Structures are given as structure tokens and as C-alpha cells.
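The values are calculated or read from the model by the stated rules, or taken from the named source; none is laboratory data. All values derive from a computational prediction rather than experimental measurement. No Cβ is skipped: glycine too gets one built from the backbone with ideal geometry, and neighbour counts run over all protein chains shown.
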Amino acid sequence: MAFVETVLAKTPQPLRSLLIKHRELLKFAIVGGICWVITMVVWYGLKWTILATKPVTAQVIAVIVATIVSYVLSREWSFRTRGGRDRHHEAALFFIIAGFAVALTVVPTLFSRYVLHLETPYVSMPTQEVADFIFGGILGTIIQTIFRFWAFRKWVFPQEGARARKGNVSALRPEDSPHVRADDEVA
């Protein structure tokens, strides 16, 4: 049984119906969470070592690494039944949109550092790190996530049902799932 099927089978109603109805958004959020962790690990790893004087550059590199992971997970899991474009066209659009998302992600960090001067020597190191985390790690991520979900559905993976489902994903459709009773189905 797939991970998603297991979780759905153990989820009580009406939450199960809500999760099934918004499964694409849920999967996108899970991929986003994974990529957020990758971004934070790479960003802080770089900015605390070899890019200590270039935190925005470190953040851009981290987001690029996470974006590559995001493409694979988005195409093969989050939006696996969507398509409508040749793979090379889809990939090009994905990375163009992701490039805009990188810019959106770093804008709050740039604002924090260079407009509000929330960087040393103007503030203490702990204050700088908290500001970087709040502005870049949280606010930047929220802004770019909203943009990416909308843009990916609109331009990269525009056609719902364009690709066949792979594997055993019956729990994603309540009417086909042996784990979802008929009286639990979404109307």
C-alpha cells in the first residue's frame, strides 16, 4: 500500500474528503516542505562556511538546488497526472517560473539586509540570523510558494488528466478506494 493510501485510510472523515479533494495542493505542499528543508540546510551550510560574506548568493544557490529536486518531485508526484506539453517545453517553463520564484524568495532577504540593515555590524549576529530566517526562510518561501503553485498549474502542467496514473493510487479517488467506504465518498 502506498504512503498516501495508508495516510488516507487512517484519516477520519470529513478531513479525508478534504484531503482527497485537494490532493494536488497537499502533494505540492509536501514537496515544498522537503525542498524547504533542502534550501535551509544548503543555505545555512553555505552562509556559515564558504559564503559567510555573501548570504544572498548562498540563498540563491540553495534555492537552485532545491528547485532541481522540486522539478523531479513535482513532475513525478505532485502533478503526475497533469501535462499537456512536451517534456523539454515543460522543463523549460518550470525552470523559468522557478527563476522568477528565486527572485521572489530573495526579495525579503534583500529588504531585511540592505533596507532595514538587519545585518552585522548594525545588529547582533543572533538578530541577523533570526531576521534572515524570518524574511528569507519564511516570508520569501510563502511568497514564492503561492506564485509557483499558481504558475505551475497554469503554464507548466496546464492539462488535468493528460498523463495516466502510475502504480496503485486508487485511494486518491474515493469512489475506487477499498479503504474509503461508500458513505465516506466526496459528493
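Tabulated data
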| quantity | calculated |
| --- | --- |
| Condition met for Val123 (among the aliphatic types (A, V, I, L, M) and modelled with pLDDT of 90 or more) | yes |
| Any hit, the stretch 43-57, residues being within 19 Å of the chain's Cα centre (by Cα) and closer than 18 Å to Asp132 by Cα | yes |
| The listed residue being hydrophobic (A, V, I, L, M, F, W, C), under 14 Å from Phe149 (Cβ atoms) and surrounded by fewer than 18 Cβ atoms within 10 Å (Cβ to Cβ), out of Leu26, Leu73 | Leu26 |
| Total residues in the stretch 76-92, condition without any contact (Cβ under 8 Å) to a residue 40 or more places away in the chain and of a type in the set (D, E, K, R) | 3 |
| Whichever residue in the stretch 104-125 is among the aliphatic types (A, V, I, L, M) and either closer than 19 Å to Ser74 by Cβ or outside any helix (DSSP H, G or I) (or both) and, among such residues, is nearest to the chain's Cα centre (by Cα) | Leu104 |
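Conditions (1) of a type in the set (Gly, Ala, Ser); (2) without any contact (Cβ under 8 Å) to a residue 40 or more places away in the chain, marked per residue:
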site: Thr11; (1), (2): no, yes
site: Arg16; (1), (2): no, no
site: Lys21; (1), (2): no, no
site: Gly33; (1), (2): yes, yes
site: Thr39; (1), (2): no, no
site: Val42; (1), (2): no, yes
